Amino acid sequence: MPDRLTPEQRHRCMSHIRSQGTKPELKVRQWLWRHGYRYRLCVKGVPGKPDIVMRKYRTAIFVNGCFWHGHRIQFTINNLQCSIESRDASHTSQTENGKLRVESSKCCKIPQSNREFWVTKIQRNQERDQQNYRVLQDNGWQVLVIWECQLKASLIEQTMQQVEVCLQDYYLKTLTPKAVSYIHINENDIPLAAEEMSDYEP
């Protein structure tokens with residue numbers, strides 16, 4: 001299906017999409033806040049710039065847009081050839097007459113215009129994501145990725161309940177019990193509350 005917008009219109013639309021404070025991200029933040037979870041945003045000291053940082057749970061949450069991060073699509077680019085895998089089936093794209101043919105997934109529709117540019121861009125985003133996830137995990141962080149399609153009205157409660165289980169489970173695993181020091185007391189030094197036994201005459 002050809003793109004209904006001109007290249008100039010498509011460029012203007014894409015350039016106005018925000019990287020922070022998106023609707024999916026706001027849904028996650030509102031759910032967490034209503035259920036008593038506190039978090040921080042735009043924490044510079046955490047690698048990868050997670051959308052939500054929960055230090056108490058040592059958890060970094062990424063709320064990914066399905067298009068920008070290529071949900072259910074995996075790229076292997078070699079001489080403009082891509083191997084794309086989705087949940088439903090596996091497809092291999094080919095170059096025909098010098099043009100790249102790519103099949104989109106249900107939640108990631110790659111534009112027909114300037115298609116090679118978008119394929120390369122989404123692949124770079126995926127590679128950067130994986131690198132950020134590895135760095136966080138190597139530093140002891142739990143990484144949770146929430147996709148835009150998982151935040152629909154019919155799915156958001158189920159999705160966030162799964163997030164809550166992950167938070168609590170990871171918190172319990174990383175919780176270090178405090179060592180209790182015991183003091184050794186000699187039994188002979190313990191004062192007795194009872195009186196000594198004595199013989200009473202009737």
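Just so it is clear, none of the values below were taken in a lab; they were calculated from the coordinates. If you're wondering where the values come from, they're calculated on a predicted model, not measured in any experiment. Methodologically, a virtual Cβ is constructed for each residue, glycine included, from the backbone with ideal geometry; neighbour enumeration extends over all protein chains shown.
Figures for the structure shown
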{"item": "Highest average packing first - 161-167, 41-47, Cβ atoms within 10 Å", "result": "161-167, 41-47"}
{"item": "Unsatisfied cross-links (Cα-Cα over 30 Å) in the set Lys23/Lys44; Lys23/Lys173; Lys44/Lys109", "result": "Lys23/Lys173; Lys44/Lys109"}
{"item": "Length gained when the stretch Cys166-Glu127 is fully extended (0.36 nm per residue, less Cα-Cα span)", "result": "11.6 nm"}
{"item": "For segment 106-116, Karplus couplings with θ = phi - 60° (6.51, -1.76, 1.60), whole Hz, Gly/Pro x", "result": "5, 10, 9, 9, 7, x, 6, 7, 6, 5, 4"}
{"item": "FRET E, pair Ser113, Lys152, Förster distance 22 Å, beta-carbon r, rounded to 0.05", "result": "0.20"}
{"item": "Segment 104-152: proportion of alpha-carbon pairs further apart than 12 angstrom, %", "result": "73 percent"}
